[in-house]
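The next block holds one structure in the form of C-alpha cells; read it before the comments.
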Amino acid sequence: MRILFIITFSLLLSNLSIAQQYVTDEGMEETVMANDDQIKVLYFTAPWCGPCQYMKPVIKSIADDESVNVTIYKMNTDDNIADDILGVHSIPTYFFIKNGRKLGQSGSIMRRDEMVKMIERHDRMTVKGDLLPYKGKPSKYDIVEGAHEKLTKKNLEQLWYSTHQLNELSWKIYQNLTDQQDLNCAIVLINRSIELEENVSNLETKAHLLHKIGDDKKALKTAKRAKKLANRNNESAAIVEQLIEKIEAE
C-alpha cells in the first residue's frame with residue numbers, strides 16, 4: 001500500500017508540474033525556443049514575489065483557456081540564470097516570444113483581459129531579430145572598459161550575451177569616438193558579438209573598426225569574409241564592398 005501511495009503521489013506531482021509549465025535554463029531549447037510559429041509567454045516569477053501570487057490565477061486561467069492560442073512557461077528566478085543574462089531586474093516580467101525571438105516584454109500585475117490583448121497583439125507581429133540570447137555562452141574575451149564614462153564593465157556586462165546589442169554599440173563607438181581605449185573596447189565587444197553569432201553586420205563593423213585603428217591587413221580580410229557571407233546569404237554587401245575598395249586603393 002505504501003509503495004502504491006508513493007507511485008500515485010509521484011504521478012500527481014508529475015502531472016501538476018506539466019500543467020504549470022515550469023521551465024529551467026536547460027529546458028529552454030525544446031520549449032520556449034521552439035520554432036513552431038506559436039506565441040509563447042516566458043513568465044519570470046518566484047515563490048516570495050507578492051505580485052506574482054496575485055497573477056497566479058490570471059496566468060492559470062489563460063494557460064487553461066484553449067481559445068487563447070498561447071503557451072505560458074514560468075521560470076523561477078531563484079533557480080535559474082536566464083533572467084540574469086536577459087536583464088530581468090524585477091518580477092513579474094513577461095517576455096512574448098515566437099520562434100525563439102522576443103517580440104516584446106512587459107511587467108507588473110495586470111488584469112486577465114489586458115494580458116490576453118497583449119498576447120494577441122504580439123501574436124500578430126512580424127517575427128524578426130536575433131534569437132533570444134538566454135544562454136550563458138562562455139567567452140575567450142575579457143571585458144575591456146573604455147575611456148568614455150558609459151563604457152564601464154557594469155554597463156557592458158548587460159550586453160555581453162546579445163549579438164545585436166554588442167554590434168550596435170561597437171558601431172556607435174566606431175562612428176562617434178576616437179580615443180584608443182574606446183576603440184580597443186569596441187574591438188572586444190565586436191569580437192564577442194561574432195563569437196555569439198557571426199553575421200554580415202558584425203563582420204562589417206569589425207572591418208571598419210580595424211581600418212579605423214590602422215590594421216588594414218586584418219580589416220581587408222574581415223571585409224572579404226563579410227562579403228563572402230553576404231553573397232552566400234543573398235544579402236547586400238554594398239557597405240563592405242566600399243570599404244574593400246577604399247583599403248585596396250590606399
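The values are calculated or read from the model by the stated rules, or taken from the named source; none is laboratory data. In this text the structure is predicted, and so the values were computed from the model without any measurement. All Cβ positions, glycine included, derive from the backbone under ideal geometry; neighbour counts span all protein chains shown. What goes into the accessible areas is simple: the full protein's heavy atoms, side chains included, and nothing from ligands, DNA or RNA. Shrake-Rupley method; radii C 1.70, N 1.55, O 1.52, S 1.80 Å.
Structural remarks
- Taking the stretch 131-150 as the range and being surrounded by fewer than 20 Cβ atoms within 10 Å (Cβ to Cβ) and modelled with pLDDT of 85 or more as the test, the residues that pass are LEU131, SER139, LYS140, TYR141, ASP142, ILE143, VAL144, GLU145, ALA147, HIS148, GLU149, LYS150.
- Condition check for ILE85: within 18 Å of ASP25 (Cβ to Cβ), at pLDDT 95 or above, of a type in the set (Val, Ile, Thr) and buried (at least 18 other Cβ atoms within 10 Å of the Cβ): no
- Residues that are over 21 Å from LYS246 (Cα atoms) and outside any helix (DSSP H, G or I), drawn from the stretch 178-216: ASP179, GLU197, GLU198, ASN199
- In the stretch 222-250, the residue that is surrounded by the fewest Cβ atoms within 10 Å (Cβ to Cβ) out of those that are among the charged types (D, E, K, R) and closer than 24 Å to ASP179 by Cα is GLU250.
- Residue that is farthest from the chain's Cα centre (by Cα), among those in the stretch 158-176 that are open to solvent by 60 Å² or more (accessible area, probe 1.4 Å) and under 17 Å from ASP84 (Cβ atoms): GLN158
- ILE190 closer than 15 Å to LEU210 by Cα and among the β-branched types (Val, Ile, Thr): yes
- For first residues located in the stretch 60-77 and in contact (Cβ under 8 Å) with a residue 60 or more places away in the chain, partners that are of a type in the set (Gly, Ala, Ser) and open to solvent by less than 50 Å² (accessible area, probe 1.4 Å) and lie 6+ apart or on another chain with Cβ distances below 9 Å do not occur.
- Some residue of the stretch 88-99 being of a type outside the set (A, V, I, L, M, F, W, C) and at pLDDT below 95: yes
- Between LYS172, LYS153, the distinction of being out of contact with any strand residue (DSSP E or B) (no Cβ under 6 Å at 6 or more places or on another chain) and at pLDDT below 95 belongs to LYS153 only.
- Applying a threshold of 6 Å to beta carbon distances and a minimum spacing of six or more residues, or different chains, the list of pairs starting in the stretch 96-109 at a residue that is open to solvent by less than 20 Å² (accessible area, probe 1.4 Å) and ending at one that is among the basic types (Lys, Arg) reads ILE97/LYS40.
- Residue list for the stretch 43-80, restricted to those being touching an Asp or Glu at 6+ places or on another chain (Cβ under 6 Å) and not hydroxyl-bearing (Ser, Thr, Tyr): PHE44, ALA46, ASN80
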